[in-house]
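Engineer: Structure in structure tokens, see below.
The numbers here are math on the coordinates, done by the rules we state, and not lab data. As the structure is a prediction and not an experimental result, all values here were calculated from the model. Here Cβ is always computed from backbone atoms with ideal geometry, including for glycine, and neighbour counts include all displayed protein chains.
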Amino acid sequence: MNFSPTLPRSLVLIGMPGSGKSTIGRKIAAALGLPFVDSDKEIEAAAGMTVPQIFAQLGEPTFRDGERKVIARLLEGERCVLSTGGGAFMDETTRALIKQKGLSLWLKADLAILVERTSRTHDRPLLQGGNPAEILQRLMAQREPIFAEADVTVITKENPINVTVAAALNALESHLLKS
Ligand code: S3P
């Protein structure tokens with residue numbers, strides 16, 4: 001990695017659960033010298049509850065309200081690399097705000113990768129209610145056309161993390177040169 005583009009706005013990582021938003025986001029933040037923030041962690045801190053607890057005790061609409069508020073607050077703050085939950089960009093208000101105040105990067109991964117990566121943990125309420133592969137496939141069909149509105153798309157495969165990070169920095173630099 002020989003360069004680090006200077007970002008005019010916060011970089012917002014979007015993509016399906018298991019696409020690597022937090023892992024890759026942390027590395028991109030380090031390369032750019034920016035703080036890394038995870039919106040789910042911020043929602044948990046604000047609520048004093050974990051994401052599964054919020055879903056179970058307060059319901060998904062309450063989680064989405066919190067997600068909308070937290071992301072709006074974070075986008076008002078200092079420039080950072082912000083990893084968002086997989087459903088965040090599907091919210092019309094959040095999406096409009098990300099487009100206005102951030103630079104969005106979609107980490108695109110195929111179903112097999114998402115299934116494999118999400119099978120390692122059990123902290124995703126949306127994947128608990130049935131066959132995770134079927135749920136992920138259905139969510140992908142709904143979400144990918146919207147994710148495609150991101151400023152930059154990076155395809156992540158079974159590559160070492162640094163390969164994806166380098167691809168993301170390259171794609172960002174090209175985008176910034178064009179805009
Ligand atoms: C969600 C994804 C999760 C978390 C919540 C809802 C979704 O984040 O925000 O469980 O709607 O896809 P990850 O994408 O980090 O798993």
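Engineer: Just to compare against my own numbers: the Cα pair-distance distribution for the chain, 5 Å bins, whole % per bin, please.
Structural biologist: 1, 8, 18, 22, 22, 16, 9, 3, 1, 0
Engineer: Specify which residue in the list PHE89, THR121, SER22 is farthest towards the positive end of the charge dipole of the stretch 10-178, using unit charges on the beta carbon of Lys, Arg (+1) and Asp, Glu (-1), about the Cα centre.
Structural biologist: Selected residue: SER22.
Engineer: What is the distance in Å between the Cα centres of the stretch 153-179 and the stretch 86-124?
Structural biologist: Cα centres, the stretch 153-179 to the stretch 86-124: 16 Å.
Engineer: On to the next question. Can you tell me the dipole magnitude for the stretch 10-178 around its Cα centre, using point charges on the Cβ only (Lys, Arg +1; Asp, Glu -1), in Debye to the nearest 20?
Structural biologist: Values: 20 positive and 20 negative charges, 49 e Å.
My answer is approximately 240 debye.
Engineer: While we're here: List, in the order given, every pair from LYS41/LYS108; LYS69/LYS108; LYS101/LYS157 whose Cα-Cα distance in the structure shown is over 27 Å. Working shown, then result.
Structural biologist: Values: LYS41/LYS108 22 Å; LYS69/LYS108 25 Å; LYS101/LYS157 29 Å.
Exceeds cut-off: LYS101/LYS157.
Engineer: Just to be sure I understand the rule: take each whole DSSP H helix in the chain, project its Cα atoms onto its long axis, keep it if the span is 18 Å or more and its mean Kyte-Doolittle hydropathy is at least -1.0. Which ones pass? Mind showing how you got there, number by number?
Structural biologist: Details: long enough: 60-76 (24 Å, -0.78); 132-147 (21 Å, -0.08); 161-178 (26 Å, 0.90).
Those that pass (Cα extent of 18 Å or more, hydropathy at least -1.0) are 60-76, 132-147, 161-178.
Engineer: Given H placed 1.01 Å from N in the peptide plane, which residues other than close sequence neighbours of SER4 have an amide H under 5 Å from its amide H?
Structural biologist: Under 5 Å from the amide H of SER4: no residue qualifies.
Engineer: Moving on. SER10's amide H: which non-local residues (gap 5+, or another chain) put their own amide H closer than 5 Å, with H modeled 1.01 Å from N in plane and none for Pro or chain starts?
Structural biologist: CYS80, LEU103
Engineer: Considering only DSSP beta bridges with both partners in the chain, what is the antiparallel share in %, to the nearest 5?
Structural biologist: On the way: 0 of 15 bridges.
Roughly 0 percent of the DSSP beta bridges within the chain come out antiparallel.
Engineer: While we're here: State, in angstrom, two size descriptors of the stretch 50-116 derived from its alpha carbons: Rg to one decimal place and Dmax to the nearest whole number.
Structural biologist: 13.3, 36
Engineer: Then there's this: Which whole-number percent gives the relative contact order of the chain, counting Cα pairs below 8 Å spaced six or more residues apart?
Structural biologist: Rounded, it is 32 percent for the chain.
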